[in-house]
Each structure stands twice: as C-alpha cells, then as structure tokens.
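Comments concern the structure below.
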Amino acid sequence: MRSRNADWPVHLILIPVSILMLVPFYWVLKTSITGENIFAYPPSILPSDPHLFNYVEAWYSIPFATYFINSILVVFLAIVANILIDAAAGYALTFHFRGKRLIMLIYLSCMMIPFQATIIPAYLITVNLGLVNTLLGIALPHFSHIILIFIFKASFDALPRSLPEAARMDGVPEWRILLQVMLPLARPAIATSVVLTFIWSWNDFLWPLIVVRDDDVSTLPLGLARFLSYFEDTTAALYAFVVMALVPGILVFFLAQRQFIEGLTAGARKG
Amino acid sequence: MGTIPRQMLINRVTITFAVILALIVGWNAYVAANNDGVLTGQVVDSGGRAVGGAKVTITARTVAHDLEIGSIVSGDDGVFRFEKHGQYNLVLTAEKDGVGKSAPRHIRLYFRNQDFALETPLVLSTGSTNAQGS
Amino acid sequence: MAIAAQGTSAGRTAGRAGGARSWWTLRRRRALFLFVLLAPSLIIFLLYRLIPLGWNIVLSFEHWSLAKPARFAGLYHYEEMFLYDDVFWEALRNTLYFMLSAVAGIVLAIGLAVLVNARIRGRNVYRTIIFMSYPLMVVAVGIIWRWIYDEKTGLINYALRSVGLIDQPIAFLESFSTALLAIMVAAVWQIIGLYMIIIITGMKSIPGHLYEAASIDGANRWQQFYRITLPLLRPSIFLCLMIGIIMSFTSFDLVFVMTNGGPGHATELLITYIYKTAFNVSKLDYAAALTVFTFFMFLILALVINRFSGGEAGQVEISE
C-alpha cells in the first residue's frame, strides 16, 4: 500500500477545496453576528464586535415562530405518513400477486414524473379538495415517496421468510405481522425515511409558494423569501434568519448522515 | 415490549432532542423571569450631578421606522424607571430645559420587555453630542 | 370451497377459524390486505403524479381559465409557444445551458471522489464538508450566494478588488453576461457533494482485484484510472447526469431567490417561466402546454441517457 508520506498531495488539494466549500457557511454566519455596517465597503473578514441582536430582530420583525412551527407540523405529518404508507406499500411488494408487475411499473413510471411537471393540476386538485392555504394541503403531496417504498421493500426482502411465516402459523393477523414483527426489524429503513422526508419537506419552497396565501400558514422557506422581499438589503437580520433556517437541516444531517447517504445512493447501488 | 430499550434512550438523537428541549425550557424560564419590562437609569448633567425632572423619551426602533413610544420624568435623584416598555430595540433620550439634551442612547435587548438597567447614566449637555455606548 | 355467505363479521370470524364456508377465503383476505397496503400510496401518486400528467396534456389543448369553461384549442398554445414566444426560447436555452453546469460539476466531482476515496486520514471529514451543502434549504442557499455576489459588499467583488484583478465591482446578478453563470456556480456548489457521494459509491463496488491484476501487468495509476475506473463508473456518471438534468428542470428556488429570472429573462428557466405564466399571469392553459413540452423533453433526454448507460456499462468481462 502507499505510505503515509505520499498522502500530502491529496491533502494539498482537498484542504483548499474544503475551505472553498465552507466559505458560504462562514460568510453568512459572520454577516449575521458582525457588529459593523454590513452595507459599507469594505467588509471585514472576521466579525467585528460580534453580537446576537440580528437574531432578535429576525425573530420579531417577522412571525418566525409561526413559520417554524408550521414547518415542523408539515414535516411531522409527512414523516408519519411516509413511514406508514411507504412501509405498507414496500411490504406489499414483497408478496407475489397478480398485477405486481403492473404496480411496480406504475411506481417506476411515477418516479419519472418530477413534481415540477405537476404543479398546475396539483394546485387545481388542492383547490378542489378544499386544501388551499392549509398545512395539510402543503403536506399531502409529500405523504409518499417512491424511493422510500423501494427502500422498505428491500429492507423487508432482506428479512428471513421464516419470520412472518412463523407468525402466520401462530395465527397472528397480517396487519399485526407488519406492525409488530416486520417493521421493528426495518429500523434502518425507518431512519432513512425520517431523514429524507425531513429534508425534502423542510426545504420545500415551490409547493408552499403555490398553495399558501396567508402568513400564518406559511412555512419557513416561504417566510424566508417573504422576509427577503420585504426587507431586502436593509437589515442584517435577513442573514440571521438564514442561519436559523439552516440549523435544523444541518442538525438532522449530522445526526443521521449515514442513513441520508444510504437512502440517496439506493439508486446508485442498483444501477 | 415493556420498558423502553436502553439503546433508544441513550443514542445521540435522543440526547440532542433532550438538550434542545432543555435549552428551550431554560430559555423560556429565563425570559419569563425577566420580562417585566423594567428599564431604569439615571440622568446626570455634564458635571455628574443628578438631574431631577428631566424628560426621558423612549423611541422604538424597527427596520422600517422609529416610533416614539412614551416618556417619563426622572425623579429628584435623577433616576427614571419605565415599566412594561414592550420593546426589544429602542432609543433613549433625555432632556431638560435649561440643562441640555443627552445624546441618543441606542439599546438592543434579547427579548421583548427585557428588564434592563443602564450601565452609564444619560448625560445632559448643551454642546456637542457624542454617541455613547450603553 | 367458498359457499355463498355474506361477508358479514360473522362470516369473517368463521373464515378466520379456517372455515371453508366463508366468503373471506385466505386468498380474498390476502388480496384485501394487499389492497389496503398499496392503496394509500397509489392514491397519492394518482392524485399528484398520474392525474396531473394527464390533466396537463388535456389542458394544453384547451382554452381554459378559472372563470370560463373549456373550449377546444387544438395546437393553439403550441403554436404560440414555438412560433411567437421569445421568452420560451430563451428559457429553453437557459435550461440547456444549465445542464452544461452538470457536466462541469460531474467532472470536478470525479476528481474529488478519487481524492476523497483514497485511503487518507480524515477522508470522512472531507466527505462531510463537501457533502454538507446538499441537504440545505435552497432558498437559504440562494440568499447566501446572492449576498456573496453582491455588487457593493459581496465577498467575490471584495476578493477580486483586493487582489487588484478588477477596478470596478461587477454586478454579477444584474448583468446579462454573468447572471446565469453565477447561478450555475451556486447550483454546482450545492450539488457537487451528491455527485461525489454517488461516484464514491460506484467506485467502492469496483472489485479490487482488477487493480491488482492491472498492476501486475504493469499498468500505472493513470492507466488504471482510464481503463478500469472510468468505464466501470459509467452507471454512476450517468446517474449524476440524470440528476443534473433533473436539476436544470427543477431549480426554481435558486433562480427565484437570486434573480427571479432577471435581468430581463437572462436567467429565466423553463420552470420559472411556467410558474410565472400559471400563477402570476394566470394563463393556466398556456402554462400547461409549456409544462407538457418541458416534461416530454425531460423524458426524452432521460431515456436517451438511460439508453447510453444501460448499453455496455452493465457487465465487465473479467478473464483471468
């Protein structure tokens, strides 16, 4: 194998690259806590006279708490729904039944339809369902993701057939087998579902933009965009808002990095 | 499934949530204990003597505008006290006829109605106005 | 087996007891069970994928608005789109340019993947740092980059002026020549971590003995890279390409926040144009036609890419 000494060229490239990748994070953080006038040139590289008052201002200038709670609610709904619905579908796909091929084909072809190709009718459907301007209306399209269905399927497929068979012999009803035998053993799939659903619904902007009219139903990305359009280049509180909006996503990412990556590369490993 | 498995209690997700929850509760408790909106300070003249009867004005400062909220008169010892000021970003000015005017004092708080005591008094002077820190 | 009996609860109980006299045979129960399991997801996809697709297609051939009932329009909207709509062509062009940034990103990502995958200390740290940009809220990323590109106090202008490369600040997001490029840089910054991860995953599945055999045959590291790594990475690279193409069709958030299609329409993407047509100007029928075109263009591209990757990239003959 290569000796450690030959590693330094790699570090020589990767360290500047890492710094480049981290600069935007640092810059927004510095802008949010610096005491200087951020609209004056030249900007200082380090935060001068750091303070947290921009965060106070962001909190009060706009209903941050409302946006935050709305986002949490939407994400919570989406996560619970996804776990139930996708695990159920994934489990169903471990059986052999007539029409399984067709169902798989439907799922796979739905994967080819990006959300952006559906916004107009999706909006009209939401209107017809009476869900415009509601949190449920925001969350509903997020209730199921096909990639998660396949992740659950793979997870269930990997479990020994004897397990559900034995339970069936014991007369345990099917729904109980799913909930109490199979699902607890698919914990990695559940973790992946939670993380991916969180990231996708938390960051979602276009759909809430279409569906929401009022401030008190807005989610965080929507609120952030609204803050930008109201206050634009007049206050550093915007960047405090940005930092506050990013923190939960980063937190979830660090807590469940492995599951996140595994979920995303599920497609890569197949093909 | 009787007790919650140990692994579920002591993994980093639960700990993170617990810490966050503790921080939220702790912060809210702190805020609740200190949000009577009591703002106190003292008015002195350029010689350092307490000035009674000076009018101290609170102005709320937001990104969009400044809005005068109210005023109070300092007592004989120069001390003034606002209650339930309701602000998180404000400017104080003091003035008294014949003695002078103070430079505007910009105060930023961490939450609305935070109790706050000025560290240095408001100095009335007739001359130049140097912005003072708080 | 099943003698006619109503599907009452009594019958169900009898069935569970193993009754041959119940309507609820094992088969039927299983079918119902599977149906219940699959129904919710199928309903969601029916509502939010399949029906919208069909509805868009139908709508694109109609004159329709929220106020008036539908009238058949034939190819009216498509005619308007292809023959009279300059903004459409500009949006199309910009979207295609955007895809080029995917190519650049993938090339860089391959380089990064090779470096990060090497057995060096701290490889996980590097991987995390590079990947950290991906799960972020795109609106927030857009605002950050907007600030970095700021004409007066942006970091880039500051850096360029400090080193003396330029005298006057450049308004990156307001100039016709640089705006789209600026957005593409931000987009690549955010997605390159994902590309890298996908390629690393692909690299990990290349059997190590291939390299050993090549070493024994005298191949140096570059040759090994070109002859073994790259060809076997084909599926991963094409997956990244797919993702890049999808990105150019879906980067609404970034463009909306950074320039909202401006200056003029220099950064207008198909998706932003569709949004504006549908929800700002309320021309839902025309927007549907735009969507249909966009979707099928995307589909064709995706199938072409798929065909290219599915061909030889599958198996590699290893003759030992």
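List the accessible area buried at the contact between B and A, summed over both sides and calculated with a 1.4 Å probe, in Å² to the nearest 100.
Chains B and A together bury approximately 1300 Å².
What are the extents of the Cα atoms of the protein assembly as shown along their three principal axes, in Å, largest first?
Cα spread of the protein assembly as shown along its principal axes, largest to smallest: 107, 75, 65 Å.
Would you mind getting the accessible area per residue of the range B:16-98, heavy atoms of the protein chains only, 1.4 Å probe, in Å²?
56 Å²
So if I average 1/r over every pair of distinct C-alpha atoms in the range A:72-158 and take the inverse, what Kirkwood radius in Å does that give?
14.2 Å
Can you list the DSSP H helices in chain C whose Cα atoms extend at least 20 Å along the helix axis and whose mean Kyte-Doolittle hydropathy is 1.6 or higher?
Working: long enough: C:26-45 (28 Å, 1.38); C:86-117 (46 Å, 1.45); C:179-204 (38 Å, 2.04); C:234-250 (24 Å, 1.69); C:284-310 (37 Å, 1.63).
Span-like helices, by this rule, are C:179-204, C:234-250, C:284-310.
Need one value for A:136-145: mean number of C-beta atoms belonging to other chains within 10 Å of its residues' C-beta atoms.
Mean number of neighbouring Cβ atoms from other chains: 3.
Mean projection of the alpha-carbon convex hull of the range C:121-162 over all orientations, in nm²?
Values: hull surface 16.7 nm².
So the Cα hull casts an average projection of 4.2 nm².
Explain nothing, just the number: relative contact order of chain C, from Cα pairs under 8 Å at least 6 residues apart, as a whole percent. Write down the numbers at each step before the final one.
Details: 333 pairs, mean separation 72.6, N = 320.
Averaging sequence separation for qualifying contacts and normalising by length gives 23 percent for chain C.
Can you give me the accessible area per residue for chain C, using a 1.4 Å probe, in Å²?
Accessible area per residue, chain C: 50 Å².
Select from the range A:1-100 those trypsin sites (Lys or Arg not before Pro) which occupy a DSSP coil region and have at most 15 other Cβ atoms within 10 Å, ordered by residue number.
A:R2, A:R98
Tell me, what is the Rg over Rh of the range B:8-47, with Rh the Kirkwood radius over Cα pairs?
1.47
Based on the Cα coordinates of the range A:28-69, what is the per residue volume of their convex hull in Å³?
For the range A:28-69, the hull spanned by Cα atoms encloses 75 Å³ per residue.
Per residue, what accessible area does chain A have, given a 1.4 Å probe and all protein chains present, in Å²?
So chain A comes to 43 Å² accessible per residue, rounded to a whole number.
Can you check what the Kirkwood hydrodynamic radius comes to for chain C, Cα pairs only, in Å to one decimal?
When all Cα pairs of chain C are included, the Kirkwood radius is 24.2 Å.
State log₁₀ I(q)/I(0) for the range A:55-270 at q = 0.10, 0.11, 0.14, 0.16 Å⁻¹ as given by the Debye formula over alpha-carbon point scatterers of equal weight, solvent excluded.
-0.53, -0.63, -0.93, -1.12
Give the separation of the Cα centroids, the range C:219-278 to the range A:116-145, in Å.
The range C:219-278 and the range A:116-145 have Cα centres separated by 26 Å.
Let's test this: bin the Cα-Cα distances of the range A:154-271 at 10 Å from zero up to the farthest pair and state each bin's percent.
Distribution as computed: 11, 27, 24, 20, 12, 5, 1 percent.
What angle, in degrees between 0 and 90 and rounded to the nearest 10, separates the Cα long axis of helix A:8-33 from the longest principal axis of the Cα atoms of chain A?
Taking the Cα atoms of chain A, the angle to A:8-33 is about 70 degrees.
Restricting attention to the alpha-carbon atoms of the range A:34-120, what are Rg (one decimal) and Dmax (integer), both in Å?
In order Rg, Dmax, the Cα atoms of the range A:34-120 give 24.2, 69 Å.
Report, to the nearest whole %, how much of the accessible area of chain C belongs to carbon and sulfur atoms, 1.4 Å probe, protein only.
63 percent
Would you list A:Y107, A:Y55 from the most to the least accessible area, probe 1.4 Å?
Final ranking, largest accessible area leading: A:Y55, A:Y107.
Residues of the range A:167-192 with accessible area at least 30 Å² lower in the all-protein-chain context than alone (1.4 Å probe)?
Residues shielded by partner chains are A:E174.
Can you give the calculated 222 nm mean residue ellipticity of chain B, where each DSSP H run of n ≥ 4 adds -39,500 (n - 2.57) and the sum is split over every residue, rounded to the nearest 500 deg cm²/dmol?
Theoretical 222 nm ellipticity from helices: -6000 deg cm²/dmol.
For chain A, with a Gaussian network of springs between Cα atoms less than 10 Å apart, report the residue from A:W27, A:W175, A:W200 with the top mean-square fluctuation.
Ranking A:W27, A:W175, A:W200 by mean-square fluctuation puts A:W175 first.
For the range C:103-200, what ratio Rg/Rh do Cα atoms give with a Kirkwood hydrodynamic radius?
That ratio is 1.05, to two decimals.
Hand me the tally of lysine pairs in the protein assembly as shown: alpha carbons under 21 angstrom apart, and the pair either on different chains or 8 or more positions apart.
10
Can you tell which of A:T192, A:F227, A:I250 lies farthest toward the positive end of the dipole of the range A:184-271, using +1 and -1 charges on the Cβ of basic and acidic side chains (Lys, Arg; Asp, Glu)?
Of the candidates, A:T192 comes out farthest on the positive side.
Over the alpha-carbon set of chain B, work out the extent along each principal axis and list the three values in angstrom, largest first.
80, 32, 23
Give me the summed buried accessible area for the C-A pair, 1.4 Å probe, to the nearest 100 Å².
8500 Å²
What are the trypsin sites (Lys or Arg not before Pro) within the range C:94-172 that DSSP puts in a loop, where the Cβ has at most 11 other Cβ atoms within 10 Å?
The qualifying sites are C:R119, C:R121.
Probe 1.4 Å, all protein chains in place: accessible area of C:L155 in Å², nearest 10?
Accessible area, nearest 10 Å²: 30 Å².
With only Lys, Arg, Asp and Glu charged, each at its Cβ (+1 for the first two, -1 for the last two), find how big the charge dipole of chain B is about the Cα centre; round to the nearest 20 debye.
Rounded to the nearest 20 debye, it is 560 debye.
Rounded to two decimals, what is the ratio between the C-alpha radius of gyration of the range A:1-51 and 2.2 N^0.38 Å?
Expressed relative to 2.2 N^0.38 Å, the Cα Rg reads 1.73.
Which one, B:A33, B:A54, B:A64, has the greatest fluctuation when you compute a Gaussian network model over chain B with C-alpha springs under 10 angstrom?
Per the Cα network of chain B with a 10 Å cutoff, B:A64 tops the list.
Taking chain A as a Gaussian network, Cα atoms linked when under 10 Å apart, which of A:P184, A:P16, A:P164 shows the biggest mean-square fluctuation?
A:P16
The values are calculated or read from the model by the stated rules, or taken from the named source; none is laboratory data. Keep in mind that this is a model prediction, so the values were computed, not measured. Don't worry about glycine lacking a Cβ; one is built from the backbone with ideal geometry, like all the others, and counts go over all protein chains shown. With ligands, DNA and RNA removed, areas are computed over all heavy atoms of the protein, side chains included. Shrake-Rupley method; radii C 1.70, N 1.55, O 1.52, S 1.80 Å.
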